[in-house]
Protein chains: 2
Amino acid sequence: MIRVFLISLIVFIFSNVAKTQTNEEISADIIRTALEDRRGYKWLEQLCDIGPRLSGYPDSYKAIEWAQSVMHQANFDSVWLQPVMVPFWERGSVESAKIISKGKFKNQELSVAALGGSIGTNEDGISGVVVKIDSFVHINNQDLDVENKIVFYNEPYDQGLVNTFAAYGKAVKQRTRGAIEAAKRGALAVIVRSVTSLNDNVPHTGIMSYNDTIPKIPAVAIGIRDAELLSLAMETQGVLKVEMKLSCVTHEPKLSYNVVGEIFGEKHPEEIIVVGGHFDAWDKGHGAHDDGAGCVQAIEVLDLIKRLDLKPSRTIRCVLFVDEEQRQSGAHAYAAMIDSLKQTHIAAIEADRGAFMPRGFSVSADSLVIEKMQTWLPVLRETGIEWIREGGSGVDISKIKNAKALIGFVPDMQRYFDYHHSANDTFDKVHPREMELGSAAMTILTWLLSESDL
Amino acid sequence: MIRVFLISLIVFIFSNVAKTQTNEEISADIIRTALEDRRGYKWLEQLCDIGPRLSGYPDSYKAIEWAQSVMHQANFDSVWLQPVMVPFWERGSVESAKIISKGKFKNQELSVAALGGSIGTNEDGISGVVVKIDSFVHINNQDLDVENKIVFYNEPYDQGLVNTFAAYGKAVKQRTRGAIEAAKRGALAVIVRSVTSLNDNVPHTGIMSYNDTIPKIPAVAIGIRDAELLSLAMETQGVLKVEMKLSCVTHEPKLSYNVVGEIFGEKHPEEIIVVGGHFDAWDKGHGAHDDGAGCVQAIEVLDLIKRLDLKPSRTIRCVLFVDEEQRQSGAHAYAAMIDSLKQTHIAAIEADRGAFMPRGFSVSADSLVIEKMQTWLPVLRETGIEWIREGGSGVDISKIKNAKALIGFVPDMQRYFDYHHSANDTFDKVHPREMELGSAAMTILTWLLSESDL
């Protein structure tokens, strides 16, 4: 009888200790575990080794299998795939541009990469005189003659801005809209100065648009040094011709999948908190920062909660959205599904700004919800989070309706556009401690969201 | 007459516009200029190309000449050298350790670097059985026998701490005190696990101490992977012998110099604000983060003020302190000089934590002064500065007496100990935008200090 009593007492004490762990203690455990184990970082290395995850690419399916397998091994309560039809644009093996005019620059090869969605050329390529445009808006100058010519958009990235996303946003229109505007004026093709903060010669790709009522023309990004070289060659020679060859092609859409993993809530399993990133990536690098890291961090949020034996009150769901880079078809499909199932989403967190040092959370929510979340800053600050404020969340989660809070994880942004959409975006560019502190910040926030009544 | 009036009016308007530029406008100009021109970053590349700047080293004098020349070219109002006697410890060409016991590890070379100040060995080297100590405090275990043996301090750096300086502080005693404690017990030499956050095989050096009443024994740092290998070899073989050869030597002290540059204040030239870093660096890498960057940022503070034609009310003085790494003789000499000249120092800012993204300023001052400084946060925030709070400042400026505020620039600290005191600390590890935002943060703070009455 005494033995039973003692055992009961011990069980009571232990369960009570578990129950009374403060948020500060839980936060400290999460941070130390993330930094010591580096499990997300090790996963990222595995993911980067698989191969290009661009929608429809063969390796993208291997990556999806890998993610399922990681979630199963981490003992998530449920792991499943949501079918999504995705675009399938393929770069192909031929991708070149060179100067063909006589003179000292003849046969100078240029470092280029087809923009995502671009049509290819035929085998002989396209050649034409180059017309340079130093600011995207100048494409609308009435006296500009680009007919049967190649338009070279050379608007620089503004290094003077602290906000690198603002600098990107200013310069990226020449990439997204350049082909349409040039084709309206009869151009043959476009070459776009890479939108990047790094002054190297690696071309940075990314999505571009066509308009069905306007001819489609090929479009490439050019490395910064070769953009400078092309400018110099034009100044030196006056009229300059370039030849481009591209074998990229758009196939029929393919079936792919969002990968979803869950830990069921103990008290309110029907109330869901999503944490996610996008699983596709441009094919030139590993998609390490954009957005392999965000996906792995999202998996790690659930894994840390499991590893520390925390029992969340609400369901925590990790969603790896397919095809953010082209049509956001994964995000649309997810939002449509939860609408039709009438699932309740309390909050969603998206990580898609690189795995750099945590700085803040940008929240789209009622001001009272944001005020409540701001009271959690003391618990988050150790991870590097300094602020929680109103702002945009993320491309994928922004499709979710009726969530009380849509939250973007905001790490430091100074290095992101060195790597973004290019062969520079490789695993070695991710710092393990910076990445794991991001995982920790998101895990703590997820835990607080789960245990609070927003 | 009307013409004279108009000219006067124009002159009046322009001078008035200049006078009424707000701190917000000045701050924006400083940030954009730093990010666009990257002048400090270009200087850092030049400095890193010169060669090792360890006190007494030949290239340290070339670096001093270079710094003077940069300050002259930047048109500082005064540029001068303060003579300082500095220690002269030289690494020499021989620096090796290998396993000499029979077995599968025989002749395995270990990646080591003499600790700063260590004595050398004779040409035949020192050999002995290795005794491993997993926590520095265990050296005092009474039943430990290290007599005529080589002590291998293998206390790991604590990756679980967010504060990397705290992790460094915990583990570094084995480096600074290890030889003394081992020699007390009759050891022949010490091998110290590198105190670093990076799991590579590059040894991280740094100062070590002797005590004149205790025998001096040689001391080396060992790369992390070889620390693990050595542990494994000891576990595998039981008794393991290692041989060490070092040709490092301590010469007589030499004459060197603090480099000082100034812009004279317009209203209170006798009131000085110092901004500085230390100009010496360990010899294995470029001393890029530690502390070439801090020095170049200090020069850039004055240069940005000049470049933007700001007229500070008080004198802004850049001090590049010689010999921080060994005896802080530059700092002591500077403090003694200003004492004897009775110069008034309003404030001093030190940059010696790497050229990473700005986070805050740590201030040693009266709480009312700190409160006043905190009102400047809105003007500083764009550079990344999130906080100003009470705390330590810097090793060099802390010798300055009677300043109203001693201020340490605190950038993000996650990557610093990857590079610190090792061959990893090279120019390519510095990010231009992170570094220039640091320069901008210090320039804005210097300007505010100069124009306010603390």
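Structure values in brief
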read-out: Options B:T121, B:T176; residue that is free of Cβ contacts under 8 Å to residues at least 40 places away in the same chain, within 26 Å of B:V94 (Cβ to Cβ) and hydroxyl-bearing (S, T, Y); value: B:T176
read-out: Some residue of region B:157-170 being within 14 Å of chain A (Cβ to nearest Cβ), open to solvent by 50 Å² or more (accessible area, probe 1.4 Å), out of contact with any Pro (no Cβ under 9 Å at 6 or more places or on another chain) and within 21 Å of B:L240 (Cβ to Cβ); value: no
read-out: Positions within region B:423-454 being away from chain A (no Cβ under 14 Å), farther than 16 Å from B:G285 by Cα and open to solvent by 10 Å² or more (accessible area, probe 1.4 Å), in sequence order; value: B:W447, B:E451, B:S452, B:D453, B:L454
read-out: In region A:287-304, the residues that are over 18 Å from A:D37 (Cα atoms) and in a helix (DSSP H, G or I); value: A:A288, A:H289, A:D290, A:D291, A:G292
read-out: Selection from region A:308-327 of residues that are within 26 Å of A:R53 (Cβ to Cβ) and open to solvent by 50 Å² or more (accessible area, probe 1.4 Å); value: A:R327
read-out: Scope region A:67-79; condition open to solvent by 50 Å² or more (accessible area, probe 1.4 Å) and either within 14 Å of another protein chain (Cβ to nearest Cβ) or part of a loop (DSSP other than H, G, I, E, B) (or both); matching residues; value: A:N75, A:D77
read-out: Unmet criterion (only one of (1) open to solvent by 20 Å² or more (accessible area, probe 1.4 Å); (2) of a type in the set (A, V, I, L, M, F, W, C); (3) within 14 Å of chain A (Cβ to nearest Cβ)) for B:A355; value: (1)
read-out: Leading residue by the ranking (farthest from A:T164 (Cα to Cα)) among those in region B:19-66 that are in a loop (DSSP other than H, G, I, E, B) and not small (G, A, S); value: B:Y57
read-out: Condition check for A:E382: over 16 Å from the mean Cα position of the chain (by Cα), open to solvent by 10 Å² or more (accessible area, probe 1.4 Å) and closer than 19 Å to B:G384 by Cα; value: yes
read-out: Strands (runs of 3 or more DSSP E) contained in region A:113-206 and holding at least 3 residues over 28 Å from the mean Cα position of the chain (by Cα) and at pLDDT below 95; value: none
read-out: Some residue of region B:393-407 being within 12 Å of another protein chain (Cβ to nearest Cβ) and either touching a residue at least 24 places away in the same chain (Cβ under 8 Å) or within 16 Å of B:G40 (Cβ to Cβ) (or both); value: no
read-out: Some residue of region B:409-422 being in contact with a Pro (Cβ under 9 Å, 6 or more places away or on another chain), among the polar types (S, T, N, Q) and away from chain A (no Cβ under 14 Å); value: yes
read-out: Residue in region A:90-111 that is small (G, A, S), away from chain B (no Cβ under 14 Å), touching a Phe, Trp or Tyr at 6+ places or on another chain (Cβ under 8 Å) and open to solvent by less than 30 Å² (accessible area, probe 1.4 Å) present; value: no
read-out: Selection within region B:336-347 - closer than 30 Å to B:P58 by Cβ and either open to solvent by less than 20 Å² (accessible area, probe 1.4 Å) or among the aromatic types (F, W, Y) (or both); value: B:I338
read-out: Every pair of residues 6+ apart whose Cβ atoms lie under 7 Å, when the first sits in region A:33-51 and is at the interface with chain B (Cβ under 9 Å from one of its Cβ atoms) while the second is outside any helix (DSSP H, G or I) and open to solvent by 40 Å² or more (accessible area, probe 1.4 Å); value: A:T33/A:L308
read-out: Among the residues listed as A:N258, A:N211, the single one being closer than 20 Å to A:R53 by Cα and of a type in the set (S, T, N, Q); value: A:N258
read-out: Qualifying residue in region B:47-61 (condition: modelled with pLDDT of 95 or more and in contact with a strand residue (DSSP E or B) (Cβ under 6 Å, 6 or more places away or on another chain)); value: yes
read-out: A:A333 open to solvent by less than 20 Å² (accessible area, probe 1.4 Å), among the small types (G, A, S) and touching a residue at least 40 places away in the same chain (Cβ under 8 Å); value: no
read-out: Region B:171-214, residues that are of a type in the set (K, R) and within 24 Å of B:N122 (Cβ to Cβ); value: B:R175, B:K184, B:R185
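Residue by residue, here is whether (1) touching a Cys at 6+ places or on another chain (Cβ under 9 Å); (2) more than 30 Å from B:K104 (Cα to Cα); (3) surrounded by fewer than 24 Cβ atoms within 10 Å (Cβ to Cβ) holds:
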| position | (1), (2), (3) |
| --- | --- |
| B:I150 | no, no, no |
| B:E181 | no, yes, yes |
| B:T196 | no, no, no |
| B:I207 | no, yes, yes |
| B:A233 | no, no, yes |
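Quick grid of which residues meet (1) within 30 Å of A:T196 (Cα to Cα); (2) out of contact with any Cys (no Cβ under 6 Å at 6 or more places or on another chain); (3) at pLDDT 95 or above:
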{"site": "A:G261", "(1), (2), (3)": "no, no, yes"}
{"site": "A:H268", "(1), (2), (3)": "no, yes, yes"}
{"site": "A:G277", "(1), (2), (3)": "yes, no, yes"}
{"site": "A:A288", "(1), (2), (3)": "yes, no, yes"}
{"site": "A:L308", "(1), (2), (3)": "no, yes, yes"}
{"site": "A:K311", "(1), (2), (3)": "no, yes, yes"}
{"site": "A:E324", "(1), (2), (3)": "yes, yes, yes"}
{"site": "A:S340", "(1), (2), (3)": "no, yes, yes"}
{"site": "A:F361", "(1), (2), (3)": "yes, yes, yes"}
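The values are calculated or read from the model by the stated rules, or taken from the named source; none is laboratory data. Remember, it's a predicted structure, so these values are computed and weren't measured experimentally. In this analysis, Cβ positions are derived from the backbone assuming ideal geometry, glycine residues included, and neighbour counts consider all displayed protein chains. These accessible areas exclude ligands, DNA and RNA; they are computed on the full protein's heavy atoms, side chains included. Shrake-Rupley method; radii C 1.70, N 1.55, O 1.52, S 1.80 Å.
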